[in-house]
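See structure below.
Every read-out reported here was derived from the displayed coordinates using simple, explicitly stated rules and does not represent laboratory data. Model, not experiment: these values are computed from the prediction. With ideal geometry, Cβ positions are generated from the backbone for all residues, glycine too; neighbour counts draw on all protein chains shown.
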Amino acid sequence: MSKYLAMIVITTIMSQANAPSSENYPPPGRLLDIGGRKLHLNCTGKGSPTVVLMAGGGAFSIDWALVQAQVAQKTRVCSYDRAGLAWSDSGPEDETVEQTISDLHTLLRNAGEEGPYLLVGASIAGIFIQAYQRAYPNEVAGLVFSNSSNRVGRLVNGKGGLVWELSEEQIRSTFPLSESDKGSEPTREGDPFDKLPANLRAERLWLERKLWQKWEPTKERPDSTLSWRKEFLEEFAESDAKKYPLAALPVVVIASGPAAAESELHSHDAASPRLDFLSSNTLHVTAAGSGHEIHLYEPEVVIAALARTVQAIRSRTPLFE
C-alpha cells in the first residue's frame, strides 16, 4: 500500500470513528410521527396531571434525567426533544414559537398522552410554555418556569439590544451568521452537564457533537429570533394590560434570585419579573446560589416544587396554603 493511500485509509477511519452514529445511542423514549417527520418523546410514571418537561435552547431531553426519575414516582412525566435536537427530526422552522407549540400539541396527541398537562419550561422554553397555554388553555393545568430567559439580546452594529426592543429590520440585519461562529467541535461535557451520570455525559457529548456537525451558521435565518421577539412583546402586553392575565392558574416561578417587586411589573428592562404576577395563584421558589440550569445544579428544588404543584392541582387548593 502506498503512503498516500495509507493516509487516505487512516483519515477515513478516523473520520468514521469521530463522526456521530445514530446507532451509538438509541433514544430512551419513542420516535413518533407528527406528519412526515418524527420527534422523540420519553414518558415514565403514572398519574395525573402529566408533567411535560421542556429544555432550554440547544438543550436535550436527557438534561432532565435527575428530575424525571424522581417525578415519575409521583405522576406521569414526559421529556421530549424539540425539532432538530437530539433524536428529533428537523422541521421547516425549528425553534420558532409557532412550530414548537404546534409540534408539541401534535406529539402529545399522537402519543396518546392525556392531559391536563403541567408544563415546565427551562430558560427560553418559558416563552414556549406560555404560548402553548394561550393556544390550548383547556389542556394546561399549570405552568412552571425555571430560570426563564430574562434578557435575550443580539448585537446590532456592535451594540447590544434586547430582542423585544430591536426592530424586525435590525434583527434581520444580524443574519446570516459568520462561519467563525461555529467554533470548535465539543470534546467534553463541562459544568453543569458534568453533574449528569457518566453514561449520560457520554451520550450528551455525542448529541452535542452531532448538533455541532450539522449546524451551518452561514445558513441561519432570523425566523426563530423574530418569533421570540413577537412572543415577548405579546407577553409584555398581556402583563401590562392586566395584573393577573392567567387568573388563578397554578404558576410556579423557580429562579436563582428572589421574587420581583410589584414596582417591576411593567418594566421591560427584563422579562422575568412579570412571571411573578401572571396569576393570583403564583408561588416563587428561590434556588439561592444556583446556576442557570437549576434542574442540574439543584434538582431537588425542582422536584419538590413539582411535587407541591402536582398535589395542589389534584386537591384543587392554592399553591401557597
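Once you have a ≥ b ≥ c as the square roots of the Cα gyration tensor eigenvalues for the range 224-294, tell me rounded if a/c is under 1.5, and otherwise prolate or oblate according to whether a/b is larger than b/c. It is oblate, given that a/c is not under 1.5 and a/b is not larger than b/c.
Packing-based ranking of 108-118, 171-181, 142-152 yields 142-152, 108-118, 171-181, ordered from highest to lowest mean Cβ neighbour count within 10 Å. Full extension of the chain between LYS242 and ALA270 gives 8.3 nm of extra length, using 0.36 nm per residue less the Cα-Cα distance. Here SER290, SER79 are placed in order of increasing Cβ neighbour count within 10 Å, fewest first, which gives SER290, SER79. Pairwise Cα separations in the chain fall into 10 Å bins from 0 onward with the following percentages, short to long: 6, 25, 34, 24, 8, 3, 1, 0. Pairs with C-alpha atoms separated by more than 26 Å, drawn from the list LYS74/LYS242; LYS38/LYS74; LYS38/LYS219, are LYS74/LYS242; LYS38/LYS74.
For a test of the definition: using alpha carbon positions, the gyration tensor, and the 1.5 limit on a/c, classify the range 178-321 as rounded, prolate or oblate. Could the numbers behind the result be given before it?
Working: a/c = 2.53, a/b = 1.42, b/c = 1.78.
Oblate.
Tell me the net charge near GLU216. Cut-off is 12 Å between Cβ atoms, GLU216 excluded, with +1 for each Lys or Arg and -1 for each Asp or Glu.
+1
Label sites at ALA307 and LYS219, each approximated as a point 7 angstrom past Cα along Cα to Cβ, lie 4.7 nm apart.
Among beta bridges identified by DSSP and lying wholly in the chain, the antiparallel ones come to about 35 percent.
Taking label positions 7 Å along the Cα-Cβ direction at both SER90 and GLU262, the computed distance is 4.9 nm, reported to one decimal. FRET efficiency for the THR174 to ARG134 pair, using the beta carbon distance and R₀ = 41 Å, is estimated at 0.90. Here the spin labels are modelled as points 7 Å beyond Cα on the Cα-Cβ line, and at GLN73 and GLU98 they lie 4.4 nm apart.
For the range 174-214, what class follows from the C-alpha gyration tensor (a ≥ b ≥ c being the square roots of its eigenvalues): rounded when a/c is under 1.5, otherwise prolate if a/b is larger than b/c, else oblate? Prolate, since a/c reaches 1.5 and a/b exceeds b/c.
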